[in-house]
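Take a look at the structure set out below.
Bear in mind these aren't lab numbers, they're just calculated from the coordinates by the rules spelled out. The structure presented is a predicted model; accordingly, all values stated were derived computationally and were not measured. Positions of Cβ are generated from backbone atoms using ideal geometry, with glycine treated the same way; all protein chains shown enter the neighbour counts.
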Amino acid sequence: MNWILRNLAVVVFGAATSVAAVAVLLYLEAGNGQPLFSYALFTYVPLGAIGAGLLGATGYVVAALALRARPARAILLVILAIAAGVVYMAQSAELGLMFAGKDAPKSLGAFGGFLANSVTHSQVQWWSAGSGGDSDSGSASAAPRSSQQLSGGGSDGAVAGIGSGVSGMMATEDVNHSAAGQKMTQMDANITSIGSGMKNHAGQWAITLGQVFGFAIGAFVAIGFVRGRLYCSQCMLLLSKKGAQTRYFNRSQDMQSATDDVLTKARERQLRESIQAHTGRGYDKAGTLTEYASTIEVRMCKRCQTHRVNFSARRKAGSSWKDIALLGYSVSSLEPVDLA
């Protein structure tokens with residue numbers, strides 16, 4: 001499966017879990033009558049949409065990790081489109097539940113049909129229909145006849161013909177100006193109507209946009225998490241972990257000596273020797289006096305078989321560990337590397 005198909009599969013699976021998460025919330029709403037998806041804090045903080053988005057975003061993570069696909073940045077735009085569609089589905093269903101009242105469907109089968117009908121026959125409106133004028137411009141006035149009919153033939157007839165042609169041209173110009181003016185008037189009326197409708201529904205627009213972006217937050221976090229993982233720049237696939245080894249140190253001198261030995265060999269591409277040097281230093285378990293730790297991790301790309309060795313060092317800070325960025329090192333190799 002190539003990179004494009006993997007990304008497409010991630011989008012499809014994420015969209016499916018997003019729709020499923022919202023459908024479950026709507027089904028629970030039909031049962032207890034309490035709004036879940038549309039639940040908001042201070043009216044415009046869409047907690048329900050954010051929670052549903054986080055649940056739905058698990059699909060993006062699961063699919064990306066299973067396929068080892070590093071999502072493209074363009075997926076973020078697709079996520080917004082999916083979020084907009086999901087919000088439309090939720091608002092349509094919640095409006096239908098409000099009208100149904102106690103007659104809201106309780107069984108899964110009935111609720112499935114109700115949800116489909118609510119989306120296909122949605123009563124949600126985001127703007128009011130304006131009262132603009134009729135779009136038909138009506139019939140134009142006929143071209144006027146010539147005011148004089150000159151008798152006789154020859155030059156008098158030619159003059160009459162020229163006069164008739166000029167009159168026809170003027171009449172056509174009047175018709176064109178009249179039609180263009182009516183079109184401009186109709187366009188202005190339509191724009192005014194749309195603007196007035198959006199102004200009347202400004203609160204609903206704000207809530208809807210808040211729900212769209214709130215629902216998309218979960219997917220954005222999921223995609224950011226996956227894109228932050230190590231990947232093969234050639235194959236654009238996430239690297240698979242082969243193993244990791246951590247050693248612990250009580251003194252900074254021991255930590256520094258071990259780190260120098262490991263990094264010296266790693267920078268000389270002696271990766272197996274660097275792993276062996278790391279294995280022979282420090283302790284394999286943290287003790288009460290432990291202050292430092294170092295880790296060697298081996299990952300590989302399953303397509304091109306490229307291996308990557310990552311070295312990191314940390315210092316204990318209270319109950320947690322803090323990375324020592326200056327001691328971090330990463331190197332790739334086409335030769336197999338193991339921790340054994």
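Checking each residue in the stretch 101-118 for being in a helix (DSSP H, G or I) and either touching a residue at least 40 places away in the same chain (Cβ under 8 Å) or touching a helix residue (DSSP H, G or I) at 6+ places or on another chain (Cβ under 7 Å) (or both) picks out LEU108, PHE111, PHE114, LEU115, SER118.
Residue count for the stretch 300-329 under the criterion of being among the polar types (S, T, N, Q) and free of Cβ contacts under 8 Å to residues at least 60 places away in the same chain: the result is 4.
ALA16 meets the stated requirement of being assigned to a helix (DSSP H, G or I) and within 26 Å of the chain's Cα centre (by Cα).
Filtering the stretch 53-81 to residues that are surrounded by fewer than 24 Cβ atoms within 10 Å (Cβ to Cβ) and within 10 Å of VAL212 (Cα to Cα) leaves LEU80, ALA81. Would you point out the residue of the stretch 25-46, among those that are without any contact (Cβ under 8 Å) to a residue 12 or more places away in the chain and of a type in the set (A, V, I, L, M, F, W, C), that is farthest from MET89 (Cα to Cα)? It comes out as PHE42. Per the listing ALA64, ALA72, ALA83, the residue uniquely closer than 15 Å to ALA219 by Cβ and outside any helix (DSSP H, G or I) is ALA72.
In the stretch 282-318, the qualifying residues are those that are of a type in the set (Val, Ile, Thr) and under 25 Å from SER257 (Cβ atoms), and the one that is surrounded by the most Cβ atoms within 10 Å (Cβ to Cβ) is ILE296.
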